[in-house]
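K.L.:
One structure follows; several queries about it will come next.
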Amino acid sequence: MTVASIPNQPSVLLVDDEVDFVEALTKRLRRRGFAVQGVASGQEALDVLARQHVDVVILDVLMPGMDGIETLRHIKERFPDVRVVLLSGHGGEDLGVRGMAYGAFAYLLKPVGLQRLVEVAIQASEHAAFR
């Protein structure tokens, strides 16, 4: 599927404690047809999910307070149909394996190319639509 043919503008919640990263990626994803909201913590993500529908969460793994793996666990317990893409700049295969075991849709390492992130987000939103 090409970016130009994204159906019904998938909603994405971007969760990362690096505010500059969130702002920049939010703008770039909006230009590619996504409805994007950004937050800086796992708790903020859970608050947003409690108030509104989100198709895909792009979630940083290493954050202060509630980390991405713990946030993922809470998301999958409370909002099992939401697809979560884990994103980490301090990768490691063990984090990816743990994330996938808790129900992550995908695990990507920073820096990830924008096109790759868009492709995975589209796949995740399509998968969510068929549940």
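K.L.:
Regarding PHE130, is this residue surrounded by fewer than 18 Cβ atoms within 10 Å (Cβ to Cβ), under 16 Å from PRO10 (Cβ atoms) and at pLDDT 95 or above? Walk me through it before giving the result.
P.N.:
Working: surrounded by fewer than 18 Cβ atoms within 10 Å (Cβ to Cβ): yes; under 16 Å from PRO10 (Cβ atoms): yes; at pLDDT 95 or above: no.
No.
K.L.:
Would you kindly identify the strands (runs of 3 or more DSSP E) lying entirely within region 36-126 that contain at least 2 residues that are of a type outside the set (A, V, I, L, M)?
P.N.:
On the way: elements: 56-60, 83-88, 106-109.
In region 36-126, the matching strands (runs of 3 or more DSSP E) lie at 83-88.
K.L.:
Does region 19-26 include one or more residues that are of a type in the set (Phe, Trp, Tyr) and not in a helix (DSSP H, G or I)? Spell out the reasoning first.
P.N.:
Keep residues of region 19-26 that are of a type in the set (Phe, Trp, Tyr), which gives 21.
Subsequent filtering for residues that are not in a helix (DSSP H, G or I) retains none.
Scanning region 19-26 turns up no residue that is of a type in the set (Phe, Trp, Tyr) and not in a helix (DSSP H, G or I).
K.L.:
Determine if region 60-81 includes at least one residue that is under 19 Å from VAL120 (Cβ atoms), polar (S, T, N, Q) and surrounded by fewer than 22 Cβ atoms within 10 Å (Cβ to Cβ).
P.N.:
No: region 60-81 contains no residue that is under 19 Å from VAL120 (Cβ atoms), polar (S, T, N, Q) and surrounded by fewer than 22 Cβ atoms within 10 Å (Cβ to Cβ).
K.L.:
Checking VAL56 against (1) at pLDDT below 95; (2) among the aliphatic types (A, V, I, L, M); (3) touching a strand residue (DSSP E or B) at 6+ places or on another chain (Cβ under 7 Å), which single condition isn't satisfied?
P.N.:
All conditions pass for VAL56, except number (1).
The values are calculated or read from the model by the stated rules, or taken from the named source; none is laboratory data. Quantities reported herein were computed from a predicted structural model and do not represent experimental measurements. Cβ: placed from backbone, ideal geometry, glycine included. Neighbour counts: every protein chain shown.
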